[in-house]
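**Student:** Next up is a structure, given as structure tokens.
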Ligand SMILES: C[S@@+](CC[C@H](N)C(=O)[O-])C[C@H]1O[C@@H](n2cnc3c(N)ncnc32)[C@H](O)[C@@H]1O
């Protein structure tokens, strides 16, 4: 399988949010997030290639120049996007930093989390600001966040909601839910967020029975359940007729467009989801290559 040595081979727990976000991930002694976006992984490989090349005698100058040019263009992109994007709030910076410093592996070993959570799951500054922009553009009042983790996407979107807006956030892991709840209590926008604990599919069924409706949904929980989340939103009235869905990790580390034999199970699940949406005549969609890929979907 062609894959970054540092990238996870198969993240069943929906993780592909490693951020190169300068503000969210600045300071402190926590390890930097692993590169797990297509761009981050490509940069990692190019850096390794450049390091190997430096040990070889007689490398043609032209070859080194081509590699150096590719590396400079790619490695500078994420920092530049961050630089040109509105800064995140102090509360989001704090949430990201606390998430980064949390000993997720030790928590899992101690049985405090259901699955091994990791700092790379956090969406971060660029994607959070994009979500805020989508909420503003769509004038959404009711938002569904499927896969909350420590609450970055939920709080970012809540910041864009009007005062009487509300956001329902689904999370299966009690430790992550408690962590997020504490962070929401520190934000003036936290009161807009209600946490629904448990498996998201069960939560969606309860919300359908309760005739809840949402103008905007962000899908970012179990990758193998993406088609089921999408079906529940579209086969019911959960998503309003003019509602939008944003879906995270739809490029899944750049594996979705590799030959199937080189895809992890998670990447295959995402590739199947992408095809399912592309074939669905009820919707139109666009896959935006921001970070690990975000697909925007609306009913037609
Ligand atoms: C990638 S993280 C979400 C990141 C978050 N949206 C953000 O912006 O930082 C995925 C989360 O989904 C949760 N999750 C995984 N499977 C789930 C399920 N079946 N139901 C609800 N939550 C689930 C995981 O525990 C994890 O916290």
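**Student:** By how many nm would the segment from residue 59 to residue 235 grow when fully extended, if each residue of separation counts as 0.36 nm and the alpha-carbon distance is taken off? Walk me through the numbers before you get to the answer.
**Tutor:** Working: separation 176, 0.36 × 176 = 63.36 nm, distance 5.87 nm.
So the chain would gain 57.5 nm between residue 59 and residue 235.
**Student:** Oh, and also: Cut-off is 10 Å between beta-carbons; in what order do 184, 134, 218 appear when sorted fewest neighbours first?
**Tutor:** Ranking 184, 134, 218 by Cβ neighbours within 10 Å, fewest first, gives 134, 184, 218.
**Student:** Now a separate question. Working from the pairwise distances between different alpha carbons, so that the mean of 1/r is found and then inverted, what is the range 29-110's Kirkwood radius in Å?
**Tutor:** Numbers: mean 1/r = 0.0633 Å⁻¹.
Roughly 15.8 Å, rounded to one decimal.
**Student:** Starting from the eigenvalues of the Cα gyration tensor, five times each then square-rooted, give me the equivalent ellipsoid semi-axes of the range 166-246, largest first, whole Å. Intermediate results must be reported in sequence, preceding the final value.
**Tutor:** Values: eigenvalues 97, 46, 24 Å².
Computed over the range 166-246, the values are 22, 15, 11 Å.
**Student:** Over its Cα atoms, what ratio of radius of gyration to 2.2 N^0.38 Å does the range 150-211 give?
**Tutor:** Numbers: Rg = 11.7 Å, N = 62, 2.2 N^0.38 = 10.6 Å.
Dividing the Cα Rg of the range 150-211 by 2.2 N^0.38 Å gives 1.11.
**Student:** Suppose R0 equals 51 Å. What FRET efficiency, 1/(1 + (r/R0)^6) with r the Cβ-Cβ distance, do residue 52 and residue 114 give to the nearest 0.05? Write out the running numbers ahead of the final one.
**Tutor:** Working: r = 40 Å, r/R0 = 0.79.
Calculated transfer efficiency: 0.80.
**Student:** Helix-only estimate, please: 222 nm mean residue ellipticity of the chain, summing -39500 (n - 2.57) across DSSP H runs of length 4 or more and dividing by its residues, to the nearest 500.
**Tutor:** On the way: 11 runs with 127 residues, N = 300.
Computed mean residue ellipticity for the chain: -13000 deg cm²/dmol.
**Student:** Could I ask something else about it? Neighbouring Cβ atoms within 10 Å as the yardstick, rank 66, 125 fewest first.
**Tutor:** Details: 66 11, 125 26.
Listing 66, 125 from fewest to most nearby Cβ atoms yields 66, 125.
**Student:** According to a simple spin-label model (label point 7 Å from Cα along Cα-to-Cβ), what is the distance in nm between residue 166 and residue 286?
**Tutor:** For residue 286 paired with residue 166, the spin-label model returns 3.2 nm.
**Student:** If you average the alpha carbon positions of the range 44-83 and of the range 105-163, how far apart do those two centres end up, in angstrom?
**Tutor:** Answer, in whole Å: 33.
**Student:** I've got another one for you. Estimate the FRET efficiency between residue 197 and residue 29 by the formula 1/(1 + (r/R0)^6), using the beta-carbon distance for r and 30 Å for R0, to the nearest 0.05.
**Tutor:** Values: r = 32 Å, r/R0 = 1.06.
Once rounded, the FRET efficiency stands at 0.40.
**Student:** Run the simple label-point estimate for residue 80 and residue 133 please: 7 Å along Cα→C-beta, distance reported in nm.
**Tutor:** A separation of 1.6 nm, rounded to one decimal place.
**Student:** While we're looking at this one, here's another question. Going by how many other beta carbons lie within 10 Å of each one, how would you line up 256, 135, fewest first? Display every interim value, and only then the final one.
**Tutor:** On the way: 256 23, 135 26.
Least to most surrounded, the residues fall as 256, 135.
**Student:** Work out, in µm²/s and without decimals, the Stokes-Einstein translational diffusion coefficient of the range 164-300 at 37 °C, 0.692 mPa s, Rh from Kirkwood over C-alpha pairs. All intermediate terms of the calculation are to be shown ahead of the outcome.
**Tutor:** Working: Rh = 16.0 Å.
My calculation gives 205 µm²/s for D.
**Student:** Separate question: Say each of residue 261 and residue 98 gets a label point 7 Å from the Cα, pointing the same way as Cα to Cβ; how far apart are those two points in nm?
**Tutor:** Calculated label separation equals 4.8 nm.
**Student:** Give me the orientation-averaged projected area of the Cα convex hull of the chain, in nm², one decimal.
**Tutor:** Numbers: hull surface 66.7 nm².
Computed as one quarter of the Cα hull surface, the answer is 16.7 nm².
A short reminder: the numbers here are calculations on the coordinates, not readings from a lab. Values in this document were obtained by computation on a predicted structure and should not be read as measured data. All Cβ positions, glycine included, derive from the backbone under ideal geometry; neighbour counts span all protein chains shown.
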